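The values are calculated or read from the model by the stated rules, or taken from the named source; none is laboratory data. Just so it is clear, the structure is predicted and the values come from calculations on it, not from any experiment. Cβ coordinates were reconstructed from backbone atoms using ideal geometry, including for glycine residues, and neighbour counts include every protein chain displayed.
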Amino acid sequence: MKNLKKILELVFAFLLGKKLVEKICSRIKPNKSEVVALTLPKNEFWRTPTFIGSVAFILLVLLNGNLIKQYSYLFKASLLDIKSVEFDGTVLPIAKVPNWVELSESERKMTYDQLPKSKLVSIPAYNVSSFRLGMTWKPNNAKERNAYVTYPVPYMGNYKLDGTEHSGSHLGIDIKAPKGTPVYAIANGVVYKSEYQKSGFGNFITIRHDGVPDPRKSGKKVTLFSNYAHLSTSFVTAGEVIKKGQLIGKVGNTGMATAYHLHFQIDEADSPFHPYWPFSWNEVKKAGLSSYYDGVKYGLGKEKALKYTVNPLIFVKNNTGYVKADNLVANSDPRIISEVLTPPKKTVVVVKKPAIKVVKNDPEKTDNPVYLKNKTKPIVKKIEKVIKKPLIVKSKTSKKLDIAFGMDDRFIPGQETAVSLKINPDQLVATSGIEIGSTLKSRATITPSRLYRKDFDKNGEAKVIVKTDSLSNFRLVAKGDFGEVKSPVMRSQIFTDVSTSDPFAKAIKHLRDTKVVSGYKDGSFRPNDTLNRAEALKIILLVNRIILKETPFEFSDVHSGQWFAKYIGTAVNKKIVRGYKDKTFRPSRDVSRAEFLKMSILAAGFEVDDKRSGAPYADVSADSWSVPFFYFADKYNLITESKGDLIHPNQPITRGEAAEVLYRLGRLRL
């Protein structure tokens, strides 16, 4: 029955929602909404999409009326004879928010209408650097703190409240706002969906915008879909024509929301569905995660999210002052708080012209021939022109500059990377110098950021240092009066053998950033290698910041003076390990998954239930000492099982898996 429903649903959506509607609409009388009956040969009617679609429609009504509701917008938008809605720029989805840093405790609980108007301010500009500046309280950073609170989850961020982009797979922007805050359509368009879900996006609206500037390719026009989720109220229906700045709903916390906010998202037209989401529940489980929130935090589906969505507030900002094809600026909206176009400046040019000829009735007429020859009079002409950004004029001696970038194609976030630029010594460096930037813009620092002739050695080579915390790939950009030259792509790596797309990338990066591990001399981490028991103890104690102490112990295979002796002695004293019955510790033996779990959980200070019976995994014996630790691991999703509910307790744990266990335990303590 389920398969039949699915087949009929697809038939209905494709045939009836596309083919039949197109036929019907092609026969609609001009300026009328009534449908003219289709003229079809009787002996051929059964072959047409109309007949097939109609049968599918009737069966679907009998099987599941909700499917009709799901696709109703296809008919409404098509049958209403709606003309194309011209794009004329954008406005912000929310105009005003509270000045969060000035609210009292009672005001924080008020709805939008209850708040004093004096406590409402224009929504802060979306600027990631402001969020970072506002993460800590300072006497003079109230503006930045308010921005940080207003945008708790930036584009492609996570749920760590760290004010960062591209650190997760949250493909929209969360805007914190009180219940009932007005939500406006960002541009002209047609409502594609206005629906309610018990979970997920909750009460949401999707609007289709045609003929908008392509955010990825200048000069191209595309279709985009704006999405507004977790609303308390919706004022629009599918198929309705919407104007820019029109009130469409109010902020709520419906669906999978934990606080009042607007989830604002923009999808590309080729997104598989709208609103788009980059991963499914099955993908969450397959990745060894326990919730959608974890999926976002660990960047699940990040590549798909970047492919099918754009940064929504950057798109709005870039098109606030949109200029139509006829060069007329779109009418300004009183709610706009972003940058507006500056009116063209006027210049007055004074031109002096010799008065060599006396004009009849000239008030300055004279018989003095000397005056006639030398007298000049000012003629003032007003010349109006738009003042554009100053153009860099190419020097007559300059020519196209050949720049070669000497660099590794990989970089490690948070660490400095040296890049060399080489030019032909015979070529002149542009007189204005070479400006060195990157496609990451302000997210990367480059020292020096401008190079002059003196910065190049006799071989025509100069070096710059690049540093960024971003996990995104990027290019360096050299600019000057010669034009613009881009470097090859620099790809983000945690270590030389651990890319940012590695499933354990965040965990390994955390160990590196906290200086628990530094990798091998060749710059690798070797995530697939195993750990021995001594190495495992060292990492576990360092992660938990346990102070090492000289502690007596009796193991026949461990002697004082060995690098791991202090780690083993401290762990014995803390009752993290006990060793084997034969009074050995076996430090060079690979540590098993079960052993590593026990050491990690006890070192982190967590308690386990020793009275648990049975076993959470098929390959863990019910009477094994590891049962309570695997119950704990299963409850908090510390380690990934394989197909068949197997955990392989005696199998050596890899360095990547060990890093993930420690990282997730650390998150539990926050």
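Taken over segment 539-586, residues that are touching a residue at least 40 places away in the same chain (Cβ under 8 Å), more than 25 Å from ARG669 (Cβ to Cβ) and not in a loop (DSSP other than H, G, I, E, B) amount to 0.
Among the residues making up segment 127-155, those that are over 19 Å from ASP469 (Cα atoms) and hydroxyl-bearing (Ser, Thr, Tyr) are THR150, TYR151. Only residues that are outside any loop (DSSP other than H, G, I, E, B) and either hydrophobic (A, V, I, L, M, F, W, C) or out of contact with any helix residue (DSSP H, G or I) (no Cβ under 6 Å at 6 or more places or on another chain) (or both) were counted in segment 136-164, giving 7. Scanning segment 486-503 for residues that are over 13 Å from THR439 (Cβ atoms) and over 20 Å from the mean Cα position of the chain (by Cα) gives PHE495, THR496, ASP497, VAL498.
Checking each residue in segment 126-175 for being over 18 Å from LEU306 (Cα atoms), β-branched (Val, Ile, Thr) and surrounded by 22 or more Cβ atoms within 10 Å (Cβ to Cβ) picks out THR150, ILE175. Among the residues of segment 652-659, is there at least one that is of a type in the set (A, V, I, L, M) and either closer than 10 Å to ALA507 by Cβ or outside the structural domain of LEU602 (by TED's automatic domain parsing) (or both)? Within segment 652-659 (the criterion being of a type in the set (A, V, I, L, M) and either closer than 10 Å to ALA507 by Cβ or outside the structural domain of LEU602 (by TED's automatic domain parsing) (or both)), the answer is yes, since at least one residue qualifies.
Applying the condition of being of a type in the set (A, V, I, L, M) and part of a loop (DSSP other than H, G, I, E, B) to segment 587-611 and asking which residue is surrounded by the most Cβ atoms within 10 Å (Cβ to Cβ) yields VAL591. Does segment 456-466 include one or more residues that are part of a strand (DSSP E or B) and of a type in the set (Asp, Glu)? Yes - at least one qualifying residue is present in segment 456-466.
So which residues in segment 522-560 are surrounded by fewer than 18 Cβ atoms within 10 Å (Cβ to Cβ) and within 19 Å of SER492 (Cα to Cα)? Matches in segment 522-560: ASP522, GLY523, SER524, ARG526.
Kindly indicate whether any position in segment 347-369 is at pLDDT below 90, among the β-branched types (Val, Ile, Thr) and surrounded by 11 or more Cβ atoms within 10 Å (Cβ to Cβ).
Within segment 347-369, one or more residues are at pLDDT below 90, among the β-branched types (Val, Ile, Thr) and surrounded by 11 or more Cβ atoms within 10 Å (Cβ to Cβ).
None of PRO628, PRO649 is modelled with pLDDT of 90 or more, outside any helix (DSSP H, G or I) and either within 27 Å of the chain's Cα centre (by Cα) or surrounded by 17 or more Cβ atoms within 10 Å (Cβ to Cβ) (or both) except PRO649. Across segment 155-174, not a single residue is classified as touching a residue at least 40 places away in the same chain (Cβ under 8 Å), over 24 Å from GLU303 (Cα atoms) and among the hydroxyl-bearing types (Ser, Thr, Tyr). Residues in segment 424-444 that are among the β-branched types (Val, Ile, Thr) and at pLDDT below 80: VAL429, THR431.
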